[in-house]
1. Among the candidates Thr254, Thr230, which residue alone is modelled with pLDDT under 95, under 23 Å from Gln143 (Cα atoms) and surrounded by 20 or more Cβ atoms within 10 Å (Cβ to Cβ)?
2. Which residues, counting only those in region 153-169, are out of contact with any Phe, Trp or Tyr (no Cβ under 9 Å at 6 or more places or on another chain) and either among the polar types (S, T, N, Q) or part of a loop (DSSP other than H, G, I, E, B) (or both)?
3. Can you tell me how many residues in region 147-161 are over 21 Å from Gly232 (Cβ atoms) and surrounded by fewer than 17 Cβ atoms within 10 Å (Cβ to Cβ)?
4. From Val89, Val101, Val140, Val120, grab the single residue that is surrounded by 14 or more Cβ atoms within 10 Å (Cβ to Cβ), within 16 Å of the ligand (Cβ to nearest atom) and under 19 Å from Ile41 (Cβ atoms).
5. Return yes or no: is Tyr100 among the aromatic types (Phe, Trp, Tyr) and either modelled with pLDDT under 95 or under 18 Å from the mean Cα position of the chain (by Cα) (or both)?
6. Scan region 9-58 for residues that are within 26 Å of Ser268 (Cα to Cα) and of a type in the set (Lys, Arg) and jot them down.
7. From the list Ile212, Ile227, Ile181, Ile202, which residue is more than 15 Å from the ligand (Cβ to nearest atom) and of a type in the set (Val, Ile, Thr)?
8. Please indicate, with yes or no, whether at least one residue in region 155-172 is within 13 Å of the ligand (Cβ to nearest atom), without any contact (Cβ under 8 Å) to a residue 60 or more places away in the chain and aromatic (Phe, Trp, Tyr).
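The values are calculated or read from the model by the stated rules, or taken from the named source; none is laboratory data. Keep in mind the model is a prediction, meaning the values are calculated, not measured. All Cβ positions, glycine included, derive from the backbone under ideal geometry; neighbour counts span all protein chains shown.
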Amino acid sequence: MKVRKAVIPAAGLGTRMLPATKTVPKEMLPLVDKPVIQYIIEEAVAAGIEDILVVTNRAKSAMDDYFDYYPELEERLSRAGKERELSEVRRAADLANIFYVRQKETKGLGHAIWRAKRFVGDEPFAVLLGDDIMRSQVPVIGQLITAAERYHASCVGVQQVSTEAIAKYSSVKVQPLEERIFQVEDMVEKPRPEEIFSNYAILGRYVLTPHIFDILEHLAPGYAGEIQLTDGLKALCKQEKMVAVDFQARRYDTGNLKGFLEATIDFSLAHPETGAWLRDYIKEKAQTL
Ligand code: G1P
């Protein structure tokens, strides 16, 4: 079971980051000096993924422009001797084989994934959600691929969240298999308090078998009237083996303002150009607060 393909759903309207995302796709917002989606693609590539499908919509063409060459800019940078900028600009375009498909209608995450059916074909594939940005030693999607390959199963990435927070996510019913790995028995999207199975929430990373497409094709709308991926996975885990990995990473929800700012601070502190300066600036600022 080799995972070579990934799907990145990026067709959401970005309503939690308005007004910035009125005309700039939320995936293109800069986290320090790179757009959010580049971190996602770099995570997939670091885990050995070769082909990536981005599910977009009509307002997201800035994304495919970003991963393309830009000869006029590159020539200008070359003439000015700006070698570092030139190599960064080229590197973004050469990261992976990136394909695009439009969702056409905003019908939910499950529907967006279903649009990847032709791209995926008959092999297991990874899914990475653009709002969940990870800082980890081992790429999070790589941690899931290892477990999926070992158990010959679909795999969801989970972490424990607070009981107040889980209503924003999905709750998974799990049975321990080994350290940090569980058998998945059930799940629920955006649980009400009485529906919570556990505090383990799925947080933006999945490895799925292509059987999910047959399920999604016939799935009724769920939470918020949308086709929910979690509802499809709930059916899948009853038909075939599914495991959950309690992945090792600091995860940021960059789909909301506070999570985005946390990620900005932490990634800036880790960045060679800004880290030392920001540390001093924060210390100086803290004295006046
Ligand atoms: C989506 C999924 C949900 C998951 C969450 C965090 O929700 O539907 O199951 O827990 O991402 O990755 P959304 O953030 O789109 O509301």
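1. Numbers: Thr230 fails: modelled with pLDDT under 95.
Thr254 is the lone residue from the list that is modelled with pLDDT under 95, under 23 Å from Gln143 (Cα atoms) and surrounded by 20 or more Cβ atoms within 10 Å (Cβ to Cβ).
2. Answer for region 153-169, where residues must be out of contact with any Phe, Trp or Tyr (no Cβ under 9 Å at 6 or more places or on another chain) and either among the polar types (S, T, N, Q) or part of a loop (DSSP other than H, G, I, E, B) (or both): Ala153, Ser162, Thr163, Glu164, Tyr169.
3. Summing the residues that are over 21 Å from Gly232 (Cβ atoms) and surrounded by fewer than 17 Cβ atoms within 10 Å (Cβ to Cβ) in region 147-161 gives 3.
4. Details: Val89 fails: within 16 Å of the ligand (Cβ to nearest atom); Val101 fails: within 16 Å of the ligand (Cβ to nearest atom); Val120 fails: within 16 Å of the ligand (Cβ to nearest atom).
The match here is Val140.
5. Working: among the aromatic types (Phe, Trp, Tyr): yes; either modelled with pLDDT under 95 or under 18 Å from the mean Cα position of the chain (by Cα) (or both): yes.
Answer is yes for this residue.
6. Listed by number, the residues that qualify are Arg16, Lys22, Lys26, Lys34.
7. Details: Ile212 fails: more than 15 Å from the ligand (Cβ to nearest atom); Ile227 fails: more than 15 Å from the ligand (Cβ to nearest atom); Ile202 fails: more than 15 Å from the ligand (Cβ to nearest atom).
Being more than 15 Å from the ligand (Cβ to nearest atom) and of a type in the set (Val, Ile, Thr) holds for just one of Ile212, Ile227, Ile181, Ile202, which is Ile181.
8. Residues of region 155-172 within 13 Å of the ligand (Cβ to nearest atom): 156-161, 165-172.
Okay, now just the ones that are also without any contact (Cβ under 8 Å) to a residue 60 or more places away in the chain, so 161, 165-169, 171.
Pick out the ones that are also aromatic (Phe, Trp, Tyr) and you get 169.
Within region 155-172, one or more residues are within 13 Å of the ligand (Cβ to nearest atom), without any contact (Cβ under 8 Å) to a residue 60 or more places away in the chain and aromatic (Phe, Trp, Tyr).
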